[in-house]
Amino acid sequence: MGVDDVLLDDKAKRMRDLLSSFYSPDPTSPSTTTPNASSRFATLDTINTTTFDADQYMNLLVQKSNLEGLLQRHVDMAAEIKNLDTDLQMLVYENYNKFVSATDAIKRMKNNIVGMETNMEQLLEKIMSVQSRSDGVNTSLFEKREHIEKLHRTRNLLRKVQFIYDLPARLAKCIKSEAYADAVKYYIGAMPIFKIYGDSSFQDCKRASEEAVATIIKALQGKVFSDSESIQARAEAVMLLKQLDFLVNNLKVQLFEKLEQFLVDLHLEFKEIRNASSDLGGISVSISSSAHEASIHEFAEAVRAYQVIFPDSEQQLFRLAKDLATKHFEATKQQIKKQLSSADLVAMLRVIWTDVLLMDEVLPEAGLRDFTFEAAHDAIKQYVAGRFSHLLLDISGTLVKVHDNQKGVIEEECPLQAALEISKKALVQGSMDALLDTRRLLDENLEVLSRLTDLIIEWVREGFQDFFRNLNDQFLMLSGKKYSANQDLTFGEGTQGDKVLPELVLLLAQLSVFIEQNAITRITEEIFSFSGGGTRGYETSPAFIPAEICRIFRSAGEELLQHYISLKTQKILIVLKKRFTTPNWVKHKEPREVHMFVDLLLQELDTILNEVKQILPEGLHPKHRRTDSNGSATSSRSNPLRDDRLVRSNTQKARSQLLESHLAKLFKQKMEIFTKVEHAQESVITTIIKLFLKSLQEFVRLQTFNRSGFQQIQLDIHFLKTTLKHTAEDEAAIAFLLDEVTVAAAERCLDPIPLEQAILDRLTQAKLAKNSEQSSTSY
Amino acid sequence: MQGGSNGIGYSLKYQARCIADVKADTDHTSFLTGTLSLKEENEVHLIRISSTGTELICEGLFSHPNEIWDLASCPFDQRIFSTVFSSGETYGAAIWQIPELYGQLNSPQLERIASLDAHSSKIKCTLWWPTGRHDKLVSIDEQNLFLWSFDTSKKNAQVQSQESAGVLHSLSGGAWDPHDYNALALTSESSVQLWDLRTMKKTNSIDHPHVRNLDYNVKRKYMLVTAEDESGIHIWDLRMLKFPVLDLPGHTHWTWTVKCNPEYEDLILSAGTDSAVNLWLASPPSGDKPTSESFDSPKSVDPLLNSYTDYEDSVYGLAWSCREPWIFASLSYDGRVVVESTKPHLPRK
């Protein structure tokens, strides 16, 4: 089959080629042009090409094929040639047939066309007549039609006029039936006419309808403003108003102002609540707060309505809502400034929070919650800070009062002790109150507060830390130790310029000790008890470090005590200075009695003793105190008591002989005079006496005495020895120092001959007697 | 704080109050001390640190007619010094010269080359022009300030000018400003007075009572250190006299004297009647730094570098060595000179 196909195809192809060559415009030209080419590419296939060269083909064939092949080829070719001939014949016949039929058709056409021309002429005629007739009809009917059209137009116009004349009535009807939407539609329909003819023909009509519209607008406005109408209705009303070209913005502003006004009113009310709550207590709070709640509810509704009515007004409303919160917090801050209790604060926060929740429902996108949190954050922080500054003020107030009392010489039994108690109480009570207050904040399970719990705890701790630090500063400032960098501090103006009272310093010192040993632990316990559930542990809290505070106050206590002592010794020093610089010691007269400066000193000591006894505790082990003072230094100097007795006996014996006292000094061990001061009566007194005696010694060393001068000193010292024996704790050191003074005086004496022991005793007794007599007469 | 005695000791025969560095001696580190004895013959000791630095050698021993209350060495001639003396009711001040041949230690007489005898009340101290060869000398008594012109070759001293500070202010001492040679600070009963020598007028005063001693910071201009009976040591900025720029606790009893180190900035030595010498490193906040910084850091470093407590009696005399500025000499009332090196206590730089 395939072979047949191929053969068939070959045949068909050749046919086509032949035909194309037949019809081609110039069949000879290709054959003539390429004889060389054909000779060159001679194959057996060239037979069908135009460039076929028979001789070449022959040669090729002969060369390539054997005889049998050639014969076969010959046969094939002969057959082919025959076939081609028949095909050619067939083609010629077919062409001829076609030509014949074409000529026939042309002939027939010629015959048909001859009759057509006359038909066409007839048709033209007929059409011409139709046209003329239709023209006639047109002209005859034109006038009538014109008329009809005119009539129609007039009728339309009349209808419109009728509508306009009817408009007021219709509007009235609409108003009556409250079909404002229809009314507005009608009016808007009539609008263009009014615009054109309103001033001339339809003046009355226009006026009437405008009046009607005005009532409509009014009604609509009323509707918009009335809270009883449904929100939908109000929104519609606003839409209608907008259609009426009414200035809706105005309306909007008005409505908004109304809301704002509401807010202002609300706050007036709110203040009343505050007042009521402070005046009447809990019940009224609940009543008025429910009223407040209602009003807030109303406000929220109004806002909701407004939002629906003016959908593009959210920003404004946000602002409004924030205003509400801000105002709330402003009020709160005002109250905080006035030092309100935490219960009140909580109540206020609660009110605020309910309000905010309400508002948040209405305006969820306003971010009111976050805003409130921030504001509450600030407010509570301020509250805590305020609480502590109040506490500080309270305490300093107490101290100042103490100070003033001291100045105003108010005679009480134990003014200092009382003052100390008062200030202790003020401190502890104040701190506890502050803690309780803040604790109350935490106990409330208000969402705002619970979110801030950790922060509040932190603030409280910070607050305490700062409070104590400030307190310390205040103490130092009050005592005049610290030159405050900012002198214009609210407090301390009265005290800064004045001389610092030693009593106050002592008081502060003791207060510092109290804080260190007592108050801090209590407060710490309290703090950590209420923040026990907090996230921060005891160690990790950086805000409140009791140890640091303790350290600060310990050093402050020591410093203040030291300051007290130095203030006192300064006073004594002045007495001493006067004593030693005024007389001419070289020309001193023989001693008759103990010099009066000793009285002054003892007096001073008495006042100190009095002050100290009021405030400072008694030492626990007065006799063992010395060993633990100044650590190892004393213990290395062994047995000072025995040494001292030795010294005393030595000096007493050798008073006339300086050399021996020198020798004694060489052999005796150095006395530890200056030991650490402790917060105990004895310690302070002893320290002051020691300092005084040392100063006495130094003053003596700066002078030169004659015999009488020396004897005077000797007498004074002897007297002091008997009187100081009972007051001071460290007897040995005191005795040593007293001896030192005498020795110093002897050294600085040109003629050191001491008084007889008997004379000394006599004069001392006389002085004692005189003193007791004086004291008895004074009572 | 252990007062371990690394120091070298030297004992005078009698009690003593004053010691001075011999500034003009550039070859040796030496000090002059004078004794204070009412009844015995007083002495002036010239002490030198041995070349090994382990011993104090007496280079000269001279008798002095009266007990010596103050002693100052001439800054340009190592053989010249001035003393303030008194005994009983007599008092005086004089400039002395150590005789040429003082090799023999048999108490040769000092040559009194000038006496400052214009005073009418008890003389407190003499001050030499701070550095260099200059003929000016100041002496202070309880009420007056004298400026002397001193001629070494002619061996006499003349009062150049004199001014009374008033009867009420009993002057007790003073110091010459090493930065401004015309300025002088005097201590009085109730205040520290700042004087100008050109006009001989008080220019300013620090109203701070009980100042016992004062010294200018040699390295820092405008810095004045004062020592008080009670309140320890204060450092003042002469441009801001209202409040001290820095307080140091001082001593447990009176702080008798303060001395600023001539070489190391802020190194201060103080001696007190509590038988101790304290070495301080006090850096006052300098002007360009905000003062608030000092408030921010409450935990400042302890300014007390060391406390030398190995003394038997009150320490009145104190002197830095100019030649070896880490060395100081201290003199306690019992006549014991101790020379110590501060080197182990100085902060590493």
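With the cut-off at 25 Å, tell me which of the pairs A:Lys173/A:Lys258; B:Lys23/B:Lys155; B:Lys136/B:Lys201 have Cα atoms farther apart than that.
Result: A:Lys173/A:Lys258 exceed 25 Å.
Based on the alpha-carbon gyration tensor of the range A:144-194 and its eigenvalue square roots a ≥ b ≥ c, which shape applies: rounded if a/c is under 1.5, prolate if not and a/b is larger than b/c, or oblate?
Here the range A:144-194 falls in the prolate category.
Once fully extended, how much extra length lies between A:Glu146 and A:Met596, figured as 0.36 nm per residue of separation less the alpha-carbon to alpha-carbon distance?
Using 0.36 nm per residue and subtracting the Cα-Cα distance, I get 147.2 nm.
Once you treat every alpha carbon in the range A:65-170 as an equal point and sum by Debye, what is log10 I(q)/I(0) at q = 0.15, 0.24 Å⁻¹?
Reported log10 I(q)/I(0), two decimals: -0.93, -1.17.
Once the dipole of the range B:135-259 is set up with Lys and Arg at +1 and Asp and Glu at -1 on Cβ about the Cα centre, which of B:Met200, B:His251, B:Thr152 lies farthest towards its positive end?
Looking along the dipole axis, the top candidate is B:Thr152.
Could you tell me whether the range B:81-170 comes out rounded, prolate or oblate from its Cα gyration tensor? Rule is a ≥ b ≥ c as square roots of the eigenvalues, rounded for a/c under 1.5, then prolate if a/b exceeds b/c, otherwise oblate.
Oblate is the answer for the range B:81-170, as a/c is 1.5 or above yet b/c matches or exceeds a/b.
Give the long-range amide H neighbours of B:Leu12: residues separated by 5 or more places, or on another chain, with amide H under 5 Å away, using H modelled in the peptide plane at 1.01 Å from N.
Correct list: B:Arg336, B:Val337.
Once a ≥ b ≥ c are taken as the square roots of the eigenvalues of the Cα gyration tensor of chain B, is the result rounded (a/c under 1.5), prolate (a/b larger than b/c) or oblate (a/b not larger than b/c)?
In terms of gyration-tensor shape, oblate.
What length, rounded to one decimal in nm, is gained on full extension from A:Asp9 through to A:Gln774, with 0.36 nm per residue of separation minus their alpha-carbon distance?
Extra length available between A:Asp9 and A:Gln774 comes to 258.7 nm.
Residue by residue through the range A:678-685, which ³J(HN,Hα) values in whole Hz follow from phi under the Karplus form 6.51 cos²θ - 1.76 cosθ + 1.60 (θ = phi - 60°), with glycine and proline marked x?
Computed from phi, the couplings for the range A:678-685 are 10, 7, 8, 3, 5, 4, 5, 4 Hz.
Output wanted: per-residue J couplings in Hz (rounded whole) for the range A:712-722, from phi through Karplus 6.51 cos²θ - 1.76 cosθ + 1.60, θ = phi - 60°, x for Gly and Pro.
4, 4, 4, 5, 4, 5, 4, 5, 4, 4, 6
Would you mind giving the mean number of other chain beta-carbons within 10 Å of the Cβ of each residue in B:247-254, as a whole number?
4
Taking amide H positions as placed 1.01 Å from N in the peptide plane, with prolines and chain starts having none, which residues 5 or more places from B:Ala165, or on another chain, fall under 5 Å of its amide H?
The answer is B:Asn144, B:Leu145.
Per 0.36 nm of contour for each residue apart, how much would the distance between A:Ala233 and A:Asp55 grow if the chain were fully extended, relative to their Cα-Cα spacing?
52.8 nm
Along the positive direction of the dipole of the range A:673-716 (beta-carbon charges: Lys, Arg +1; Asp, Glu -1; about the Cα centre), which of A:Gln703, A:Thr686, A:Ile713 reaches farthest?
A:Gln703
Let me check I've understood the local charge: for B:Leu184, count other residues with C-beta under 12 angstrom from its C-beta, Lys and Arg +1, Asp and Glu -1. What total comes out?
It works out to a net charge of 0.
No lab work stands behind these numbers, since they all come straight from the coordinates. Bear in mind the structure is a predicted one, so any value in this text is a computation, not a measurement. Using ideal geometry, Cβ is built from the backbone for each residue, glycine included, and neighbour counts are taken over all protein chains shown.
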